[in-house]
Structure formats: C-alpha cells, structure tokens
Amino acid sequence: LIPEEGAGPLSLGERITHWVLLKGERMAVTAILLVGVLITLLVLSTIRPVDMYALLNDTNTIQTLFNTLLSGMILLVSVVVSINSIVLSEEITDIEHQRERIDASIQYRGQIEEFIEGDVSPARPAEFLRAILKIIDQQSSSLADIAAESDNDQFRDEAETFSENITKEAERAGETLTNARFGTFRVLLAGLNYDYSWQLHVARRFDRKYGDDLDDEEKAAIEDIVETLKVFATGREYFKSLYYKREFAHLSTRLLYVSLPAIVITSYVLLALDANLFPEVSFFMLTPLMVFVGVAYTIALVPYLTLTAYVLRAMAVTLRTLASGPFILKHGGGFENFDWEEDDIEVSDPNIPTEEDERTADERTDDQQEESKRASD
C-alpha cells in the first residue's frame, strides 16, 4: 500500500512508508536497509549464540555462502550495466530522428502557449507543470462562472464543486513544485499527487450528460479543460520516462561504485576464513568471528540492497501511474460523487445488429450487386 500525501493526515507508519518508497534519498534508504540487516544478524547471534557459533565454525558452509555472493555480485553488475547500455543505445539515432523529437517537443509546448499571455512556455519542468496547473485552475473557475448563469441547477452545482476540487488539487500540487528542480523527485511527485484522471472523466461527463443543454460558450470551456488536462497527462508521462532514464543511470553508476569494494572485501573474507585466525573470546556473547562475518555479510549485500532501494521507488511510481487518461484505478480525489451508476446508462439504439443480421445484410448486398450486373449486361 502506497500512502498518498494530501489525502489526509498520515500516521507514523504511513509517513515512514511514504519516505522509504518515494521521498527518501535512495542511498539513505540503502544505508538503513544495511543497518537493519547487521542488527538482525547480531541480535540472532546473541539470542542463539551456541547455534550461531557452531554454524560459523563450519568453514565450508560460510565459504560456500560468500562464494555464492561473490558470483552473484559480478553477475548483477554485468546484467545491470548491459541493460543500461541497451537503454542508452536508444539515444544514439540519426539527425532526422533527433529533428522529429525536437519538433514534437516544440509542438507540445505550443499547445500550452495558446493559453499563456507571453512569448513561450516555461522551459523548466517544474515551472512548466505549475503553468499548466494554473491554466487548469483558471479554466475550471471560468467554467463555474459560466455555469452560474445556466438554467440547469444540477449542472451549475456540479460545475461549482468541480472547480473547488480542482483548485484544492492544483494548490497542493503547486506547493510540491515550489522551488523544485529537475532531477529531484519533487517534480514527478507533484504529477503523481495530481489526480487528473478523475478531472478528465468529470469534464467529459459534463459534455456527454449536458451536451444538449449547453451553449457554445459552455462547450468551449469544457473542451479547453479537456485539452489542457490531456497536455498535463502527456507531460507527466514524458517526465516520468525521463525520470526512469535518469534513475537507471544513477543506479548503474552507484552499483559500479559499491560493487568493487564489496567484491574485494568478500574475496578477503574467503581468505581470512580459510586461515582461521580468529581468537576464541566473546563480548556480550559476541565473538570476533560473529562480528566479522556479520559485517562482511552486510557489506556483500550492498549491491543487492542498492538495487532494492531503486526498484522499490520505481515500482511505487509505476503503481501510482497505472491509470492513463480517463481510466481510474483508485478511489479518492473528491470526485466520487460524479461517478456513474448502472441505472444512469441508457442505450441510444436498442436495435443492435447481431452477427446473423450482418451476414443477411451482406448476402442481400451481394444479391443486389448481382442484379445490377445483369441489368447492365
């Protein structure tokens, strides 16, 4: 379960989970996992010192364990670096493809510039998203003002509620984006916390439900909101892809940094265990062999725990952004009262043709074509 900021006050456990999965620096999360592993090993050594001592004195078992870890570290680094090379190879393209990407980026930014009284849209992702949020807020307020003059009381009330919820969502996301710079998780976090799927669903619902009762100004206001929300959704998915590339590059680099010391120390452990140079003393039921093996085992897990810290956040981001467009996979956002009920659905044309009817129509068409051919002959 991934707690959401802004959905209400978070408990201590939810704040810790939110920090570990999303907001925490990945190397800090890795360090906490390493400390947890070391403490667990030392606690087990003090709880069952006789069993642990007997296990550690079985040199063949310990050597097999560290041999496996050493092989796994080398394989892990090789696989991650190879995948990183494949990802980077996608960036090596010809000039025509690069030109198409630049043109698409300029065309995308131009969609927002239609609503901004200025020369160009902001270049920094955080400021760009804040500009879109401000536009969406103003457009929803304009829709509420226009709907206030409508004769349809239900549409007027729903438009006002819709505008109020959008204002709250935009303010909350804007606070997250304040002083955020690209490369930090705050830019992506603002997009994760902004529930555009519900808003897109409600805006489209206005057009479908009240389409016959809306005038041109009201329809134009709804269309503007839908188009701006589509621009925001596109930007969020694009920035998410950039974040994945940047995060994967950081992961590969840091794995290379931590793997070499871990491999060297693990190799030394194998030699030290074979020499059997540890004295037979204990301190608080901890022998030098227990402490040495516990620390060495923790260091050998550094590459795996580093990978775990990065994958945890990547999976949390993926789970929070599964919905694309007006499809909603979670509750919340304050828009549930706009959701549809089964009784509200009416089929526009009950005479839906069956496969048999379609086959009969095709045969009838073939007969008509044959008669026309004979008549022309």
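For the pair SER141 and GLN107 in one chain, pulling the backbone fully straight at 0.36 nm per residue adds 9.6 nm over the alpha carbon distance. Taking only alpha carbon atoms, the stretch 64-109 gives an Rg to Rh ratio of 1.41, where Rh is the Kirkwood radius.
Based only on the alpha carbon positions, what is the Kirkwood hydrodynamic radius of the stretch 202-255, in angstrom? Every distinct Cα pair counted, the radius reaches 13.7 Å. Taking 31 Å as the limit for the C-alpha separation, the pairs LYS209/LYS230; LYS23/LYS209; LYS209/LYS240 exceed it in the case of LYS23/LYS209; LYS209/LYS240.
No lab work stands behind these numbers, since they all come straight from the coordinates. Because the structure is a prediction, the values reported are computed rather than measured.
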